[in-house]
Structure formats: C-alpha cells, structure tokens
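Engineer: Sharing a structure, written as structure tokens. Questions coming.
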Amino acid sequence: MDRIETAGVIGTDVPRVDGVAKVTGSARYGADHRVDGAAWAYLKGSDIAKGRVRDIDQTAARAVPGVLEILTHRNVGSAVRPDKPLVEGGHMASSVAPLYSDKIYHAEQIVAVVVAETFEAARAAAAVLAVTYDAEEPSATLDSPGATEAKAHAMGETNISVGHFEKAFAAAAVTVDRQYETPPQHHNPMELFQTTAAWDGDHLTVWESSQSVTAYQHGLAKQLDLSPKQVRVLSKFVGGAFGSRGEMAQSTALVALAARRLGRPVKLVVTRRQGFSLRTFRAETRHHVRLAADRDGRLQALSHRGWELTSRTDRFALAGIEATCRLYACPNIDAKTVNVEADRQTPGFMRAPPEVPYMFALESAMDELACELGIDPVELRKRNETQHEPVNGRPFTSRSLVQCFDAASAAFGWASRDPRVGSMRDGDWLVGYGCATAMYPAQIAPATCRVTLAADGRATVETGSHDIGTGLYTILTQLAADQLGVPMSQVTVLLGDTDLPAAPLTAGSSTTASIGTVVAKACQEIRGTLAGAAVKATGGQLHGLDAGDLKLSGGRLVAPTGAAEPLTQAVHRVHGGGPVVADVSNNPAGAPPVIGPMLIRRGLGLIVSGSKPHDAVRYAFGAQFAEVRVHRDTGEVRAARLVGAFAAGRIMNPRTARSQLSGGQVWGMSSALLEATEIDRRSARYANPDLAEYHVAVAADVPSLTTIMVSEEDHLVNPLGVKGVGELGVVGLNAAVANAVFHATGVRVRKLPIRVGAELLAGLSRG
Ligand code: MOS
C-alpha cells in the first residue's frame, strides 16, 4: 500500500491510554483473571539434567490434604502431542512434548504437575513427590566434555562469504584477531509466568500473558488434538515479555489437560526460580573476530565466527552475523555461526537476540582496531560508513548512523575525551569514555484487523496483537483518531484475544509497522466507503465531488473546497445508521524473508528487511556512549552516564518511544555489568536462579541517561515509515561499556559481564 499520510496526533507526546489502569491495578494481567472453582497446579522439576525417570512414588504426595491430580509421563504420554519449535514453523520453544516419556533432556524439565485445592497444598505435595532417576553425566556448556558442534538452524544466515578474506587479512597493514564471550542470561519479567485454563464442554479458554495469542491457540489445538476454533486465548496486559513469552512453554498444555481431566479450571503461577528453566533464555556465545584495515582505518577484511549453545533436541541459533557483516563497508567477509549442543533447555529470544551478543564482539573489536590504528573510535566508524550493505550491495532504505554519532557525541561531550588510556581521573575513580554502534532490522509481518466506526463517531480497533508494555494501545488510539478524524477519547482499542482478527507474534520491534499499517489501511477503507456514499447522495453537501479528495478531519468529512458534512451524517447514510466496518488484512511485499522459517501460516510471520535480491534493506541505527568509573583500589565499576542517539524512521509517540529506548539502554548497561546465569558444570544446573543472585540493574545503578531521537524520514521502509524502537536501545551498550572500561583502565574485558574486582584489579596492578 501507499505511504500513509498523517495530520493529527501522530508524533505527539501522548500519555499512555492504559496508564491509569496499570497504576491503579484495574489492568488485569494473566493470573489476575479470577475463575470460579479453580484448582491450583504446581510444577515438579527434574533433579538431573540427563537420564531417565526411574520411578515416581506418589504415596506421600497423595496423602497431602487437598491433592486432586498428579500428572506424570505415565498418565500423560501421547495425550499431549509434540509440535515443532516456532523457528521451524511450529509454536513451541522445544520439539519435546511435555511429560511424553521418562527421558530427561535438561535440569528442571517438568517431571510432574501436582494439582490441588490450594497453591500451598500443590506445592507441599510436589515437595514430597518422590522421584528417582537413572542419571547420566550431563554436558553443561560450550566447552564441556560431550558438548557437540552441529549445523545451526537459524533465524538468519549461518554462512556469509564475500571476496577473499584470508588473502586480504594476510596482506593488510593493521589487524585485530580476538575472541569474545557472552554469558547465558535469563528473562525476569515482573509478571511471573502463568496459565489459567477452563473448559466449557469441548471449548478451552486460556488466560496466559503472551506475545502471540494466535500462536498459543494453534499450538494448543495441535497439542491437544482440537480445532483452533475450540481454543480461545487471552492476553490483554503483559507484565514484561521481551521474547520470553513468544514461544509456548511445556506447561500450558499440561494445565489445560489437568483442567479437562478434573472437570474444573486450573491455575498455574510458576515461581521465579522455576521460570529460569521453564521458558527460553539468552544462550551463551563465543566469538572469533578478525578485522583488517589499511593505515587510514578502512576495513579490508572482516571475519566473524559465532558459537551458540543449544539443547540436544533443537538447534536454535540467532546468527547475528547477518547484522555484523552488513554494518560497515568491507570488501572481504567471511562469517559463520555454529550451534553447540549440550544438556540444557532450548534457548530462545531475548531483546535484540542476535545483535546483543554479536555486536558486543564486533564493536569491541572495532574499538581494539581504533587503538591499533591510533584513530578515534567515532572517526573509525565514520571512515567505514556506507549506504550499501556490503554482502549483497543492496542500499539501505535509510541510514543515519553518522547523524546519530554526531548527535550523541555532542551531547556526551566526546570531544573532551583524552584518548590516552587511564588518563582521566576523578579522585580515586578512573574515568573512561566508550562508544559503539547499535543496529536492528526494521521488520514487518502480515496482520489483520477490524475497525468499526459508529454513527455517534465512536471507533473501535480490534486486532489480536499485544501491548507488551511498548505502548501499542496508545499509538493505535492515536493512529485511528488521526486517520478517522475523531478525538482520541472516542477510540477504543481491543487487543490480546483470539476472538479478534489474527495478528502476528508481537516481537522483533515489528508491531508498530505491522499493526499500524493494517489499522491505517482499515481506516482508509472506511474513509473510502463514507466518501463514496457522500458524493453520490443527491442533496448532500458533497454531492458530485471526487470521492478521492475527501478527508476525515475534525469529526467531519471534508472536501478541498471547504464543503463538509458531519461524520455522524456520513456514517448514518451508509448502512441506514449502522456502523461502518472494515475487516482488513495486510500482506507486506517481500520474499524471501530473512527470518524465513518464521514467515509461516496463520499470521505468525515476521519479515525482516530485504526481500528481492536488489531491494533495499531495512535497518534502524544508533550511536551509544557510556562513561564508566572504576575504583582504583576496589575495582568497582559503575556506569556514570549513558547517551544514545537513535534514528528509527517516524516516531509515532515520543513518550512511548523514549521509554523503549531508555529502557533498552538500562538493560544494555545491566547486561554489560551485572547479568549472567551461572551454571554448575557438574550438574548442568543453574546456580543463581532468583533475583537475589541473578543481578539486574536497579534504580540506584541507573546513571544519568540521555535518549536522543534523530529525525529520519524513510518513505521506503514501510507505508508508515516506522522502523521500530523496542530493541535498538539495548544493542550497543555491552561494547560501549567494555570500551569505556578499557579507556579507564587499560584492561580489555572480552568476557561479559564485566565483573567488579579481581580481573580489573589484576589489570590495574599490572598497569
Ligand atoms: Mo522480542 S526478543 O523479538 O520477543
């Protein structure tokens, strides 16, 4: 469809329409939904990471008062059918069906679900459920004995080759050859993972906070051998997602099965600790990056090898080489991603899944190259600027990376940086400035929606998409108000229900583009219907005019001549007073999609950037700066200032966009300095699965934070001209912080997170 013109509240700072509901508690999240007569489920997880369940003695558990049912592999088995992982066209995180057999693939895999009259009884019974195992030695992580390399099944390209890397690398004036590591990280959304399931005859209703009610509906239908029409899934408010609620976990179908067997609703709320093993996580990665440049800093060769951990059962890879190979001009490129299988749960998506680990490696290596060359790191990036991605030579629809660096470096005060390592001090604190590039693909997916305009001027927007905290309720309200020419107070947006028109996975920073486009299209259809009827109405103000010229504005249908009629009159004319309804779908042009396997049936698809070989590629860019302070005696590291400038096309609402980009920066800093899941290498179990031991940034860790939105108009990226800002802000900060730590101390930390203390102190004393 053509470019969408807007005139009203788009781009203005509108408070969240659901803000009051959220802060006053009237917004209902998944587990807030009360169902009469619900029993409670509690999960029992495996003590071992590899082997088989030998026996389950239920005597003590059955003796706990209030216990109603205990599901194990003995009474579930094929009652829940397997479904494929989402990245292979299914809906699940894992291809292993829950409680399918006695086989254990990872620690804390569900071995039983205890259902009781109360949460406490279910928990008490699960604690005394006696499970014995035949254990085998597990492989815990990337370099564990028995961990095996496998061809990656990735969202993107796993091999990229341009020119002659080895030859160019050998011949180059200056080279960098380094290895980097990122740790496993776990989702800890505020809202715990939960499911409530209730049956009405053969019809199942599930309340579960998710990023795709459509996927859960179809996944449940597949698992429980139902028609999708028999399954309704609701997710009206979501207390944090960022990838953790994209694929279905193994618990949902089990809760539904328990409810069916008991003939009453069942509710599950998993504990914080259980959440670490139930859902997906950001897998640990290793990188080998080699860069070669001429004396002026122009890249001659780039090689990026990535190793990503996956489970024994699924090959899930992110393949961030797709981004790192497309960032800078470079004639010789060689990149490859491989999976390493170990005895762990299948990993998945976490905010900017491919870019966060891969850009840490590349942007750290770029800083190392800048040091080797004696060129300022900002200048080095400018010297390698390109408006065509170097892999296929396709243009970017727009790319404002240089403008971002200019805006961010000015706001940060980069010019005052003394480039000499360890030269900047503030009392006992060593001060460092670092920077890095952020990039994220501008994606769009097929979507459907219904917009209804009633004769009283009230509009309703319906689509099975989700506001996962991003502001979708608000921007769709703005968009419909703008396109229909009515006040925002007259627009109602309904989301998160499979009874609504199907929408794609709310992921990949694609929702504003995907849903915004289809909603605007529906509004335009309504405008066309009203205008078509108005110009034909003999005796009407607009009779005989060109329908294409009429606009909806200020509660009226208006002609360029100034002739106009009230909206109510225009609507009334169409169906004899009934509302005007537009049921619309939008299928963005473009194949083959880069996230190919995700472009699947039933509106779950997601298209990244490029389409046909010569089409422009679509990315948003940013420049991120960090000031860190490292205590010279204790090695304590603090982020003191973060400045990010981002260009992401049209900004629908600066308030919600700023919130996304600022939150991304906080998470990026948290990732650089704090977040890591520790793995016990003998047992392949997580050692710190709670918020006491898994550290995330709290308010006191958040320094001065500046978010700049660089204006950018992109008429090619999609009809709305938006690129998406949900993930961009997190991408560059791991490297920016690590580069700042090097500038402060001379210690190059190539393994995240950057730990307070030992390593830095050792480096400091050497220096
Ligand atoms: Mo997001 S990591 O694309 O759910």
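The values are calculated or read from the model by the stated rules, or taken from the named source; none is laboratory data. None of these values were measured; they are calculated from a predicted model. Neighbour counts run over all protein chains shown; Cβ positions are idealised from the backbone, glycine included.
Engineer: Please identify the pairs in which a residue from segment 416-442 that is on the phi < 0 side of the Ramachandran plot and charged (D, E, K, R) has its Cβ atom under 7 Å from the Cβ atom of a residue that is in a loop (DSSP other than H, G, I, E, B) and at pLDDT 95 or above, counting only partners at least 6 apart or on another chain.
Structural biologist: Asp418/Met424
Engineer: Kindly indicate the residue of segment 321-343 that is of a type in the set (Gly, Ala, Ser) and not in a strand (DSSP E or B) and also modelled with the lowest pLDDT among those meeting that condition. Break it down stepwise before answering.
Structural biologist: Here is the first cut: in segment 321-343, the residues of a type in the set (Gly, Ala, Ser) are 323, 329, 335, 342.
If we keep only those that are not in a strand (DSSP E or B) too, we end up with 323, 329, 342.
On the way: Ala323: 93, Ala329: 98, Ala342: 98.
Once the filter is applied, the top-ranked residue is Ala323.
Engineer: Kindly indicate whether Gln185 is surrounded by fewer than 17 Cβ atoms within 10 Å (Cβ to Cβ) and at pLDDT 95 or above. Even if it seems obvious, please write down each step before you answer.
Structural biologist: Numbers: surrounded by fewer than 17 Cβ atoms within 10 Å (Cβ to Cβ): no; at pLDDT 95 or above: yes.
Spelling it out, it is not the case that Gln185 is surrounded by fewer than 17 Cβ atoms within 10 Å (Cβ to Cβ) and at pLDDT 95 or above.
Engineer: Is it the case, given these coordinates, that Leu369 is over 30 Å from Ser210 (Cβ atoms), touching a strand residue (DSSP E or B) at 6+ places or on another chain (Cβ under 9 Å) and more than 16 Å from the ligand (Cβ to nearest atom)? Even if it seems obvious, please write down each step before you answer.
Structural biologist: Details: over 30 Å from Ser210 (Cβ atoms): yes; touching a strand residue (DSSP E or B) at 6+ places or on another chain (Cβ under 9 Å): yes; more than 16 Å from the ligand (Cβ to nearest atom): yes.
Yes, satisfied.
Engineer: Take the conditions away from the ligand (no atom under 16 Å from the Cβ) and either out of contact with any helix residue (DSSP H, G or I) (no Cβ under 9 Å at 6 or more places or on another chain) or within 30 Å of Gln194 (Cβ to Cβ) (or both) and apply them to Pro265. Does it pass?
Structural biologist: Details: away from the ligand (no atom under 16 Å from the Cβ): yes; either out of contact with any helix residue (DSSP H, G or I) (no Cβ under 9 Å at 6 or more places or on another chain) or within 30 Å of Gln194 (Cβ to Cβ) (or both): yes.
Yes.
Engineer: Gly163: buried (at least 23 other Cβ atoms within 10 Å of the Cβ), of a type in the set (Gly, Ala, Ser) and in contact (Cβ under 8 Å) with a residue 12 or more places away in the chain, yes or no?
Structural biologist: No; evaluated as a whole, the condition is false for this residue.
Engineer: When segment 484-506 is examined, which residues are found to be of a type in the set (S, T, N, Q) and more than 16 Å from the ligand (Cβ to nearest atom)? Outline the logic, then answer.
Structural biologist: First, pick out the residues of segment 484-506 that are of a type in the set (S, T, N, Q): 489-490, 492, 498, 506.
If the condition is that a residue be of a type in the set (S, T, N, Q) and more than 16 Å from the ligand (Cβ to nearest atom), then Ser489, Gln490, Thr492, Thr498 are the ones that fit.
Engineer: Being within 16 Å of the ligand (Cβ to nearest atom), surrounded by 19 or more Cβ atoms within 10 Å (Cβ to Cβ) and at negative phi narrows it down to one residue among Ser509, Ser514; which is it? Give the steps one after another, and end with the answer.
Structural biologist: Numbers: Ser509 fails: at negative phi.
Just one listed residue meets the conditions, Ser514.
Engineer: Still on this model: What tally of residues in segment 298-332 results from selecting those that are more than 16 Å from the ligand (Cβ to nearest atom), aliphatic (A, V, I, L, M) and buried (at least 24 other Cβ atoms within 10 Å of the Cβ)?
Structural biologist: Taking segment 298-332 and keeping what is more than 16 Å from the ligand (Cβ to nearest atom), we get 298-307, 309-315, 321, 324-332.
From the residues that got through so far, the ones that are aliphatic (A, V, I, L, M) too are 299, 301-302, 309, 321, 327, 329.
This time we only want the ones that are buried (at least 24 other Cβ atoms within 10 Å of the Cβ), so: 299, 301-302, 309, 321, 327.
Qualifying residue count, segment 298-332: 6.
Engineer: Within 16 Å of the ligand (Cβ to nearest atom), outside any loop (DSSP other than H, G, I, E, B) and buried (at least 22 other Cβ atoms within 10 Å of the Cβ): which single residue out of Gly729, Gly724 fits that description?
Structural biologist: Values: Gly724 fails: outside any loop (DSSP other than H, G, I, E, B).
Testing whether each residue is within 16 Å of the ligand (Cβ to nearest atom), outside any loop (DSSP other than H, G, I, E, B) and buried (at least 22 other Cβ atoms within 10 Å of the Cβ) leaves just Gly729.
Engineer: Which residue is farthest from the chain's Cα centre (by Cα), if the candidates are limited to segment 1-41 and must be among the β-branched types (Val, Ile, Thr) and over 23 Å from Val717 (Cβ atoms)?
Structural biologist: Taking segment 1-41 first, the residues among the β-branched types (Val, Ile, Thr) are 4, 6, 9-10, 12, 14, 17, 20, 23-24, 35.
Restricting the remaining residues to those that are over 23 Å from Val717 (Cβ atoms) gives 17, 20, 23-24, 35.
Numbers: Val17: 23, Val20: 25, Val23: 24, Thr24: 27, Val35: 30 Å.
By that ranking, first place goes to Val35.
Engineer: Okay, next question. Here is a check on your reading of the model: is Ser227 hydroxyl-bearing (Ser, Thr, Tyr) and surrounded by 20 or more Cβ atoms within 10 Å (Cβ to Cβ)?
Structural biologist: no
Engineer: Under 9 Å between Cβ atoms, which residue pairs at least 6 apart in sequence (or on different chains) link something in segment 532-559 that is within 21 Å of Thr6 (Cα to Cα) with a partner that is among the acidic types (Asp, Glu) and surrounded by fewer than 17 Cβ atoms within 10 Å (Cβ to Cβ)?
Structural biologist: Cβ pairs passing all conditions: Ala559/Asp546; Ala559/Asp549.
Engineer: Could you list, in sequence order, the residues of segment 411-428 that are closer than 19 Å to Val643 by Cα, of a type in the set (Gly, Ala, Ser) and over 30 Å from the mean Cα position of the chain (by Cα)?
Structural biologist: The first filter runs over segment 411-428 and keeps only residues closer than 19 Å to Val643 by Cα, leaving 411-419, 424.
Applying the additional criterion that residues be of a type in the set (Gly, Ala, Ser) yields 411, 413, 415-416.
Hits for segment 411-428 are Gly413, Ala415, Ser416.
Engineer: Separate question: Looking at segment 333-355, I want the residues that are over 23 Å from His91 (Cα atoms) and have a partner that is more than 10 Å from the ligand (Cβ to nearest atom) and among the hydroxyl-bearing types (Ser, Thr, Tyr) with Cβ atoms under 6 Å, at least 6 apart or on another chain. Which pairs are those?
Structural biologist: Asp334/Ser161; Asp334/Ser303; Thr337/Thr158
Engineer: So, in segment 51-75, exactly how many residues are buried (at least 19 other Cβ atoms within 10 Å of the Cβ) and among the hydroxyl-bearing types (Ser, Thr, Tyr)?
Structural biologist: 1
Engineer: Can you run down the residue pairs with Cβ atoms below 8 Å, 6 or more apart or on separate chains, where the first is in segment 390-414 and closer than 18 Å to Met709 by Cβ and the partner is basic (Lys, Arg) and not in a loop (DSSP other than H, G, I, E, B)?
Structural biologist: Taking only residues 6 or more apart or on different chains, the pairs are Leu401/Arg381; Val402/Lys382; Phe405/Arg381; Phe405/Lys382; Phe412/Arg641.
Here is a yes/no grid of residues against (1) modelled with pLDDT of 95 or more; (2) buried (at least 23 other Cβ atoms within 10 Å of the Cβ); (3) assigned to a helix (DSSP H, G or I):
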{"residue": "Gln345", "(1), (2), (3)": "yes, yes, no"}
{"residue": "Phe349", "(1), (2), (3)": "no, yes, no"}
{"residue": "Ala361", "(1), (2), (3)": "yes, yes, yes"}
{"residue": "Cys371", "(1), (2), (3)": "yes, no, yes"}
{"residue": "Ala408", "(1), (2), (3)": "yes, yes, yes"}
{"residue": "Ala411", "(1), (2), (3)": "yes, no, yes"}
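Engineer: Count, please, the residues in segment 666-702 that happen to be surrounded by fewer than 18 Cβ atoms within 10 Å (Cβ to Cβ) and over 30 Å from Ile104 (Cβ atoms).
Structural biologist: Adding up the residues that qualify gives 5.
So that you can scan it fast, the table gives a plain yes or no per residue for (1) away from the ligand (no atom under 16 Å from the Cβ); (2) farther than 21 Å from Arg273 by Cβ; (3) crowded, with 24+ Cβ neighbours inside 10 Å:
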{"residue": "Val206", "(1), (2), (3)": "yes, yes, yes"}
{"residue": "Val213", "(1), (2), (3)": "no, yes, yes"}
{"residue": "Gln217", "(1), (2), (3)": "yes, yes, yes"}
{"residue": "Phe237", "(1), (2), (3)": "yes, yes, no"}
{"residue": "Ala249", "(1), (2), (3)": "no, no, yes"}
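Each row is one residue, and each column tells you yes or no for (1) assigned to a helix (DSSP H, G or I); (2) modelled with pLDDT under 95; (3) touching a Pro at 6+ places or on another chain (Cβ under 7 Å).
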| site | (1), (2), (3) |
| --- | --- |
| Thr492 | no, no, no |
| Pro504 | no, yes, yes |
| Ser509 | no, yes, no |
| Ser514 | yes, yes, yes |
| Ala522 | yes, no, no |
| Arg527 | yes, no, no |
| Ala533 | yes, no, no |
| Leu542 | no, no, no |
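Engineer: Follow-up question, since we're still on this one. Considering only residues that are touching a Phe, Trp or Tyr at 6+ places or on another chain (Cβ under 9 Å) and away from the ligand (no atom under 15 Å from the Cβ), which ones fall in segment 347-366?
Structural biologist: Across segment 347-366, the qualifying residues are Phe360, Ala361, Leu362, Ser364, Ala365, Met366.
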